[in-house]
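What follows is a short report on a single structure.
The values are calculated or read from the model by the stated rules, or taken from the named source; none is laboratory data. Please read these numbers as outputs of a predicted model, since none were measured by experiment. Note: ideal-geometry Cβ built from the backbone for every residue, glycine included; neighbour counts use all protein chains shown. Accessible surface is based on the protein model in full, side chains and every heavy atom, while ligands, DNA and RNA are left aside. Shrake-Rupley method; radii C 1.70, N 1.55, O 1.52, S 1.80 Å.
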Amino acid sequence: HDLIVQASELRVEANGYLKEAHNIIEKEIQFTNSKFNCRVSINELMSSHQKRFEANYYAEGKKIISEIQKANHITLKDSCKTIFRPGIFKRHYVENGIEFLGGSDIVKSIPSSEKKLSIKKTSHLADMQVKENWILVTCGGTIGYSVIVNEYLAGKTASQHILRIIAEKIRPGYLFAFLSSDIGLKAIQSYTYGSVIPQIEPHHLERLPIPLIKEETMECINDIIMKYKKKSGLAILLELKAINLIEKEIESWQE
């Protein structure tokens, strides 16, 4: 009981930090009040990255991108060391292997999966593993939801339906705060393609403009997100410890 209460309190604190970071970003990014022109010329259609004709591509997400581009910004490609996702591979599932997470798994309160990859038979296991402070973005089916890798997630493997972003010129906390905000999510989703299973690729996210606000404000946001990451990661560990205690107790009854 005490562990679950502690975990709940940590989650509340963590969510408060994330909301605070989002509020600062939304306050700093001041959009103009000019009416958005919903008409699109043939030249704009033909010069767009994907030659898109869907109306929703030219709606809110593209408006956000256009507004960010009017101010000081940097593309995601220029702000990162790399943006990638691993290729398709033959999966060897075993009972006691390394945890293999899908796009729907990483957004759970406790990211977990019953699927375990064989350590011996997975040839490029290192390419599948994620590291602390990487940013993960869902890119297949459910599009654009971002997660920053904490201590609990680090070392686990993730599927090819999850993009990996390694921040370099911008602090990872600030970058995650923007990408996970409502503004960032809508901007990412505007790059979606595909009629059956929506997708985005690294070459789409590379073009995403990242707003550059005051250096001290970006540093402040980064620090807030690091607190969010630490507390949310600790909440997971405490909750798992509580679950483990219950399971051991039940097992003892069956002996």
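Explain nothing, just compute: Karplus ³J(HN,Hα) = 6.51 cos²θ - 1.76 cosθ + 1.60, θ = phi - 60°, for every residue of the stretch 187-200 in order, whole Hz, x for Gly and Pro.
Once θ is set to phi - 60°, the couplings for the stretch 187-200 become 5, 4, 5, 5, 8, 4, 9, x, 9, 9, 10, x, 9, 9 Hz.
So how many Lys-Lys pairs in the stretch 55-174 land under 21 Å Cα to Cα, not counting same-chain pairs under 8 apart?
Lysine pairs meeting the criterion: 26.
Please build a GNM for the chain, connecting alpha carbons under 10 Å apart, and tell me which residue among Arg164, Arg91, Arg207 fluctuates the most.
Most flexible of the set in this elastic network: Arg91.
Excluding ligands and nucleic acids, what accessible area in Å² is computed for Tyr93 using a 1.4 Å probe, to the nearest 10?
100 Å²
Give me the distance in nm between label points sitting 7 Å out from Cα along the Cα-to-Cβ direction at Ile110 and Gln30, one decimal.
So the label points at Ile110 and Gln30 sit 4.6 nm apart.
Give me the percent of accessible area attributable to carbon and sulfur for the chain, probe 1.4 angstrom.
The computed percentage sits at 52.
Apply the Karplus curve 6.51 cos²θ - 1.76 cosθ + 1.60, θ = phi - 60°, to the phi angles in the stretch 78-84 and return the couplings in whole Hz, x for Gly and Pro.
Each residue's phi maps through the Karplus curve to give 6, 8, 10, 6, 6, 10, 8 Hz.
Can you list residues from other chains, or at least 5 along the same chain, whose modelled amide H is less than 5 Å from the amide H of Ala167?
Sorted by chain and number, the residues that satisfy this are Lys81, Ile135.
So with the 1.4 Å probe, I'd like the accessible area per residue for the chain, rounded to whole Å².
I get 56 Å² per residue for the chain.
Can you list the aspartates and glutamates whose alpha carbon sits under 16 Å from that of Lys248, skipping same-chain ones fewer than 8 residues off?
Qualifying aspartates and glutamates at Cα under 16 Å: Glu239.
Using only Cα atoms, locate the centre of the stretch 78-115 and the centre of the stretch 213-250, then give the distance between them in Å, rounded to an integer.
19 Å
Each residue of the stretch 109-124 in turn: what ³J(HN,Hα) in whole Hz from Karplus with 6.51, -1.76, 1.60 and θ = phi - 60°, glycine and Pro shown as x?
4, 10, x, 7, 8, 7, 7, 10, 8, 5, 5, 6, 8, 8, 5, 10
Of the listed peptides 119-125, 4-10, 143-149, what is their order by residue-averaged count of other C-beta atoms within 10 Å, with the highest listed first?
143-149, 4-10, 119-125
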